[in-house]
Amino acid sequence: MCGIVGYVGPEEAAPILLESLRRLEYRGYDSAGIAVVDPVGTLRTLRRAGKLVELEQVVDADSPTGTCGIGHTRWATHGPPTEENAHPHRSQDDTIALVHNGIVENAPVLRDRLEEAGYAFRSDTDTEVVVHLVEEAYRTADSLEEAVVRALEQVIGAYGIAVVSSRDPGKIVVARNGSPLLLGIGSNGEYLVGSDAAAVIAHTRDVVYLNDGDYAVLEPAGYRTYHLSEGAVRRHVHEVTWDLAAIEKGGYPHFMLKEIFEQPRTLEDVTRGRLLEEEGSVRLGGITLADRELLAIKRIVITGCGTSWHSALLGEYMIEEFARLPTKVEYASEFRYKNPVVDEDTLVIAVSQSGETADTLAALKEAKRRGARTMGIVNVVGSSIARETDFGVYLHAGPEIGVASTKAFTSQVVALALFTLYLARRRGLSILNGRRTVQAIRALPGQVEEILAQDEAIQALAARYEDAKNFLYLGRGFQFPVALEGALKLKEVSYIHAEGYPAAEMKHGPIALIDERMPAVFLAPNDPVYQKVVSNIEEVKARAGRVIAVVSNGNGELEMKADDCIHIPETLPHLLPVLSVIPLQLLAYHIAVRRGTDVDQPRNLAKSVTVE
Ligand code: AGP
């Protein structure tokens, strides 16, 4: 999730661009840059990898002059976070600068054509393709905006872009398709651009939200809005009433709740361009192993910590069930000290949202030292773990700010399901089963949306259980890792003790804990072990326990047996965790809010544990 800013007006642009970029720091970034055009048509671009302060120092030392410019904070999706990959990207003739938020899905094809046409690329990014397309179009277009439109007609994917050119000093052209972008309408000939209102609110509360397919031209004399297919359009000017803190959270009270509600989008993003419905398979560009190398793997170890260990456990279950390859999940902190049986026929998969967890990085290095091939399932592009692995699958979930991992977990599960399908279809899984899986994965975002609509009911549930001192979370099969994850979420944010167990393990000890003060959360969706879980629920009810059951839509049976039920849609058993975890995320969140804890930064916890 990158941040875009822009300014044109009577003031020097550079300080305003930096101030706007500071307002977007919460979006997460690994590099930043600005481009400024002065009235005589000199275009200067300054970029730095790392924190914004690096860029500020460079600008302070040698500030570009000019009253028109654009800026960008980058959250890497293609290409590591380096200065060369930082935005703005420049045309070959250095007359055009462009910033972009989104993913150009057909970048490889476009890059090949442009390179054949003589354009030399300086970066590994998909964005650089767009600025060369604009340069190519501008050779014959009558205006910068015409060149931008012609370029965008060739782009497939999501974008929010802003473009300036020394051939058009004092003009910014912006366009939006899939990535948010707005205009700030200032007074006395001042116009701004931002990925969200935080970028412009210091100057104006009057904003124009661009729609998909819109583009706009901003100059000191005014702004004009267009749609690619409708031509000139008028867009409503809204007044922003939020304060800055609320804007950073998108209007949600906490990042955790915002990220829970982002999951329909992040589940689209982790599958974008990767589902091959016709073939019943997936395209994973990050898997650089040849099929024969992949088929030579004799066993898989999946390692991670905390929530990432829970998704790794689901990965173990999936790969063994569908790819029929011996697979074992390992706590990273245990793996590296247990003299693990790992050799060149082993694939070790490291799962990590941050890509910086010290235990997981150390386990990965130990695996490489023993000759294993290594793969990453990581969110942060260019992170240490991502760079340490031989190949991998990025989550594209955007920054996860809340310490309690939510959207990363569901994206990890889907990424592991995609890899499982990739492997299984090469190891005998039928095309029919492959197609069913692809169709079920494609339906997940809408199904998650349906569950999120029950948020109010789950808030009421939280009020009934907020005073409990202990919780049990119970599930079988693919729902056992969900039980573990639900317990961790509650522990982390509400400080209530909670344990996850295989439901069948109840009778081997935990059932001694059951009484009317001990809520038991059962994961009981329609799956092959549903009836067994019903028996476990009856065992708890027979001992006056209180039962919250996550059940499939239409299940009336457990309405009669459980004290509370939360309904979720049906899907394939190994994809059900993506749905059954959502109510548990919301339950943990709302109980924590009612208990007044620091939901986004719970006591004693860090977002990324970079120490052993
Ligand atoms: C999960 O909610 C916790 N924040 C924690 O368990 C986390 O999953 C763990 O520290 C691993 O982090 P990583 O995914 O960034 O490696």
Scanning the range 278-297 residue by residue, those out of contact with any helix residue (DSSP H, G or I) (no Cβ under 6 Å at 6 or more places or on another chain) and in a loop (DSSP other than H, G, I, E, B) turn out to be 278, 279, 283, 285, 286, 287, 288, 289, 290, 296, 297
Among 377, 385, 401, the single one that is within 15 Å of the ligand (Cβ to nearest atom) and under 20 Å from residue 575 (Cα atoms) is 377
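For the range 188-206, enumerate the residues that are closer than 17 Å to residue 34 by Cα, outside any strand (DSSP E or B) and of a type in the set (A, V, I, L, M). Don't jump to the end; show me each part of the working.
So in the range 188-206, the residues closer than 17 Å to residue 34 by Cα come out as 191-195, 199-200.
With the extra rule that they be outside any strand (DSSP E or B), the set shrinks to 195, 199-200.
Of everything in the range 188-206, those that are closer than 17 Å to residue 34 by Cα, outside any strand (DSSP E or B) and of a type in the set (A, V, I, L, M) turn out to be 199, 200.
Quick one: is residue 487 among the hydrophobic types (A, V, I, L, M, F, W, C) and assigned to a helix (DSSP H, G or I)? Working first, answer last.
Values: among the hydrophobic types (A, V, I, L, M, F, W, C): yes; assigned to a helix (DSSP H, G or I): yes.
Criteria met by residue 487.
Report the residue count in the range 31-57 for those that are β-branched (Val, Ile, Thr), out of contact with any helix residue (DSSP H, G or I) (no Cβ under 9 Å at 6 or more places or on another chain) and assigned to a strand (DSSP E or B). Show your work before the answer.
From the range 31-57, those β-branched (Val, Ile, Thr) are 34, 36-37, 40, 42, 45, 53; that's our starting set.
Narrowing further to those that are out of contact with any helix residue (DSSP H, G or I) (no Cβ under 9 Å at 6 or more places or on another chain): 40, 42, 45, 53.
Subsequent filtering for residues that are assigned to a strand (DSSP E or B) retains 45.
So the answer is 1.
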Open item on the list: Going by what's in this entry, would residue 131 be described as within 20 Å of residue 102 (Cβ to Cβ), modelled with pLDDT of 95 or more and not in a strand (DSSP E or B)?
Closed with: yes
In the range 343-358, anything surrounded by fewer than 24 Cβ atoms within 10 Å (Cβ to Cβ), within 23 Å of the chain's Cα centre (by Cα) and more than 8 Å from the ligand (Cβ to nearest atom) is listed as 358
So, first residue touching a residue at least 40 places away in the same chain (Cβ under 8 Å) in the range 305-331, second residue part of a strand (DSSP E or B) and more than 16 Å from the ligand (Cβ to nearest atom), Cβ within less than 8 Å, six or more apart or across chains; the pairs are 315/327; 319/300; 319/327; 325/299; 325/300
For the range 332-369, the count of residues that are in a loop (DSSP other than H, G, I, E, B) and in contact with a Cys (Cβ under 8 Å, 6 or more places away or on another chain) equals 1
Would you check if residue 601 is under 24 Å from residue 540 (Cα atoms) and either under 21 Å from the mean Cα position of the chain (by Cα) or within 13 Å of the ligand (Cβ to nearest atom) (or both)?
no
Residue pairs within 6 Å by beta carbon, gap of at least six or interchain, first lying in the range 592-610 and touching a residue at least 40 places away in the same chain (Cβ under 8 Å) and closer than 10 Å to residue 492 by Cβ, second assigned to a loop (DSSP other than H, G, I, E, B) and within 11 Å of the ligand (Cβ to nearest atom), listed first then second, are 602/403; 605/403
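Table: residues versus (1) crowded, with 20+ Cβ neighbours inside 10 Å; (2) within 13 Å of residue 419 (Cα to Cα); (3) of a type outside the set (A, V, I, L, M, F, W, C); (4) within 16 Å of the ligand (Cβ to nearest atom).
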{"residue": "278", "(1), (2), (3), (4)": "no, no, yes, no"}
{"residue": "281", "(1), (2), (3), (4)": "yes, yes, yes, no"}
{"residue": "289", "(1), (2), (3), (4)": "no, yes, no, no"}
{"residue": "329", "(1), (2), (3), (4)": "yes, no, no, yes"}
{"residue": "336", "(1), (2), (3), (4)": "yes, no, yes, yes"}
Taking the range 209-222 and keeping residues in a strand (DSSP E or B) and under 33 Å from the mean Cα position of the chain (by Cα) leaves 209, 214, 215, 216, 217, 218
Of the residues in the range 227-277, those that are farther than 30 Å from residue 431 by Cα and either part of a loop (DSSP other than H, G, I, E, B) or touching a Pro at 6+ places or on another chain (Cβ under 8 Å) (or both) number 19
Restricting attention to the range 365-389, the residues that are modelled with pLDDT under 90 and touching an Asp or Glu at 6+ places or on another chain (Cβ under 9 Å) number exactly 5
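Go through the range 480-491 and give me each residue that's of a type outside the set (Phe, Trp, Tyr), surrounded by 24 or more Cβ atoms within 10 Å (Cβ to Cβ) and out of contact with any Ser or Thr (no Cβ under 7 Å at 6 or more places or on another chain).
Going residue by residue through the range 480-491, those that are of a type outside the set (Phe, Trp, Tyr) are 481-491.
Pick out the ones that are also surrounded by 24 or more Cβ atoms within 10 Å (Cβ to Cβ) and you get 481-483, 485-487, 489-490.
Scanning the range 480-491 gives 481, 483, 486, 487, 489, 490.
The values are calculated or read from the model by the stated rules, or taken from the named source; none is laboratory data. Predicted model, so just to flag it, every value in this text is computed and none were measured. With ideal geometry, Cβ positions are generated from the backbone for all residues, glycine too; neighbour counts draw on all protein chains shown.
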